[in-house]
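Participant: First, the structure itself, so that you have it in front of you.
The values are calculated or read from the model by the stated rules, or taken from the named source; none is laboratory data. As the structure is a computational prediction, the values presented were derived from the model and not from experiment. A quick note on method: Cβ atoms are made from the backbone with ideal geometry, for glycine too, and the neighbour counts reach across all protein chains shown. Calculation scope for accessible area: heavy atoms of the full protein, side chains included, ligands and nucleic acids excluded. Shrake-Rupley method; radii C 1.70, N 1.55, O 1.52, S 1.80 Å.
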Amino acid sequence: MIDRYAVIGHPISHSKSPLIHGLFAQATGQTLEYTALEAPLDGFKATVESFRAQGGRGLNVTLPFKLQAFEIATDPMASARLAGAVNALKFEGDRILAQNFDGLGLVNDIQRNLGVSLAGKRVLICGAGGATRGAIVPLAEQKPAVIAIANRSADKAHGLKADFSALVALQTGGYEDLAGESFDVVLNATSTGLSQAALPLPTGVFAPGALAYELVYGKGLTPFLKQAQAAGVIRIADGVGMLVEQAAEAFEWWRGVRPDTQPVIARLTVPLV
Ligand code: ATR
């Protein structure tokens, strides 16, 4: 039986994961099948069980099932426990191993692909939802000088500060608290890249030479990236590299082979105009 993998979500037809993993398999000579699997909103667990019964070896998990995937895991790895959510599952006998590679994918994209070292830098994350939660520890491991989190509802940012206090010191608040501060790396981990809303960022928030990074991908110049450009930022990026890098982590975890991400990123990149 061929080793089967899939990305599971609802909806799922937009997913680039089958293309990415298909290219990885081709390039590394791995024989596997990777498809898109749409689970009913009330049928995540049953869909996973039937996939396993048909030879499923692993799944990528996307919205809205990242929390349910955590609940069915028998062995959540540190990345999943820290994020409180799962984006990759591996089936080994009766065990369901779970990881969250989003944060590592983000860090690898920033450092390896965009050539921006995080050590000693001032990093600002806009947003305090699931995407931020997954990014905190992988970012902190690179030893930035500061990790600040700003959110529309400041209380949610303060909640993250409390949750992570044993691991990392976070500076948290609302957008108005950023007045007078500037950052070398500014990440938009809110969902505004999808809704086309703008964030109330003070004008000086981007330090000279800053990187502005939008975590969503394929949306062109989002309001956040436009704001960065208007503030004179030259280095802007969307999340296409993060998407491919997290996929590469999952592929290596499942198959034991590290795929080259560069050609796949080049294939998926849409110019930011
Ligand atoms: P995800 O899992 O993708 O992070 P989420 O948990 O729903 O999604 O979080 C969405 C984030 O986008 C939150 O930080 C949210 O801010 P609030 O916590 O204040 O709701 C942020 N967000 C969404 N729309 C926004 C907007 N129009 N302006 C500012 N922040 C917004």
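Participant: For segment 109-143, enumerate the residues that are among the hydroxyl-bearing types (Ser, Thr, Tyr) and more than 14 Å from Thr172 (Cβ to Cβ).
Facilitator: Ser117
Participant: If I go through segment 79-119 residue by residue, how many of them are open to solvent by less than 50 Å² (accessible area, probe 1.4 Å) and more than 20 Å from Phe51 (Cβ to Cβ)?
Facilitator: 14
Participant: If you don't mind, another one. Name the pairs whose Cβ atoms lie under 6 Å apart, with the first residue in segment 122-140 and under 18 Å from Ser79 (Cα atoms), the second near the ligand (Cβ under 8 Å from one of its atoms) and of a type in the set (Lys, Arg), and 6 or more positions between them or separate chains?
Facilitator: Once the first residue is under 18 Å from Ser79 (Cα atoms) and sits in segment 122-140, its partners that are near the ligand (Cβ under 8 Å from one of its atoms) and of a type in the set (Lys, Arg) give Ala128/Lys156.
Participant: Return yes or no: is Ala148 farther than 24 Å from Ala250 by Cβ and open to solvent by less than 10 Å² (accessible area, probe 1.4 Å)?
Facilitator: Answer is yes for this residue.
Participant: While we're looking at this one, here's another question. Take the conditions among the aliphatic types (A, V, I, L, M), touching a Gly at 6+ places or on another chain (Cβ under 8 Å) and modelled with pLDDT under 95 and apply them to Leu106. Does it pass?
Facilitator: For Leu106, the condition - among the aliphatic types (A, V, I, L, M), touching a Gly at 6+ places or on another chain (Cβ under 8 Å) and modelled with pLDDT under 95 - is not met.
Participant: Sticking with this one: Is there a residue in segment 238-251 that is small (Gly, Ala, Ser) and farther than 30 Å from Arg95 by Cα? Full working, then the answer.
Facilitator: Here is the first cut: in segment 238-251, the residues small (Gly, Ala, Ser) are 239, 241, 247-248, 250.
Still in the running and farther than 30 Å from Arg95 by Cα: 239, 241.
Yes, because at least one residue in segment 238-251 is small (Gly, Ala, Ser) and farther than 30 Å from Arg95 by Cα.
Participant: Of the residues that sit in segment 19-64 and are within 16 Å of the ligand (Cβ to nearest atom) and assigned to a loop (DSSP other than H, G, I, E, B), which one is farthest from the chain's Cα centre (by Cα)? Give the steps one after another, and end with the answer.
Facilitator: Residues of segment 19-64 that are within 16 Å of the ligand (Cβ to nearest atom), as a first pass: 60-64.
Next, from what is left, pick out any that are assigned to a loop (DSSP other than H, G, I, E, B): 62-64.
Values: Thr62: 10, Leu63: 12, Pro64: 14 Å.
Across segment 19-64, the extreme among qualifying residues is Pro64.
Participant: Leu67 - would you say it is within 16 Å of the ligand (Cβ to nearest atom), touching a strand residue (DSSP E or B) at 6+ places or on another chain (Cβ under 7 Å) and open to solvent by 40 Å² or more (accessible area, probe 1.4 Å)?
Facilitator: Here the answer is no, as Leu67 does not meet what is asked.
Participant: Can you name the residue in segment 199-245 that is in a strand (DSSP E or B) and aliphatic (A, V, I, L, M) and, of all such residues, is surrounded by the most Cβ atoms within 10 Å (Cβ to Cβ)?
Facilitator: We begin by selecting, within segment 199-245, every residue in a strand (DSSP E or B); these are 206-214, 235-237.
Restricting the remaining residues to those that are aliphatic (A, V, I, L, M) gives 207, 210-212, 236-237.
On the way: Ala207: 17, Ala210: 24, Leu211: 24, Ala212: 26, Ile236: 20, Ala237: 22.
Result: Ala212.
Participant: Gly180 fails exactly one of the following numbered conditions: (1) surrounded by fewer than 20 Cβ atoms within 10 Å (Cβ to Cβ); (2) under 25 Å from Ala27 (Cα atoms). What is the number of that condition?
Facilitator: The one condition Gly180 does not meet is (2).
Participant: Under the condition of being of a type outside the set (Val, Ile, Thr), within 12 Å of the ligand (Cβ to nearest atom) and not in a helix (DSSP H, G or I), which residue from segment 124-150 is modelled with the lowest pLDDT?
Facilitator: The first filter runs over segment 124-150 and keeps only residues of a type outside the set (Val, Ile, Thr), leaving 124, 126-131, 133-135, 138-145, 148, 150.
From the residues that got through so far, the ones that are within 12 Å of the ligand (Cβ to nearest atom) too are 126-131, 133-135, 150.
When the remaining residues are screened for being not in a helix (DSSP H, G or I), the result is 126-129, 150.
Numbers: Cys126: 98, Gly127: 98, Ala128: 97, Gly129: 94, Ala150: 98.
The qualifying residue modelled with the lowest pLDDT is Gly129.
Participant: Checking the condition open to solvent by less than 80 Å² (accessible area, probe 1.4 Å) and free of Cβ contacts under 8 Å to residues at least 24 places away in the same chain, which residue from Gly29, Gly9 passes?
Facilitator: None of the others qualify; the one that does is Gly29.
Participant: Follow-up question, since we're still on this one. Mind listing just one residue for me: the one in segment 151-198 that is part of a loop (DSSP other than H, G, I, E, B) and among the β-branched types (Val, Ile, Thr) and, of those, nearest to the ligand (Cβ to nearest atom)?
Facilitator: Among residues in segment 151-198 that are part of a loop (DSSP other than H, G, I, E, B) and among the β-branched types (Val, Ile, Thr), the one nearest to the ligand (Cβ to nearest atom) is Thr190.
Participant: Would you confirm whether or not segment 247-259 contains a residue that is open to solvent by less than 40 Å² (accessible area, probe 1.4 Å), more than 17 Å from the chain's Cα centre (by Cα) and away from the ligand (no atom under 16 Å from the Cβ)?
Facilitator: Within segment 247-259, one or more residues are open to solvent by less than 40 Å² (accessible area, probe 1.4 Å), more than 17 Å from the chain's Cα centre (by Cα) and away from the ligand (no atom under 16 Å from the Cβ).
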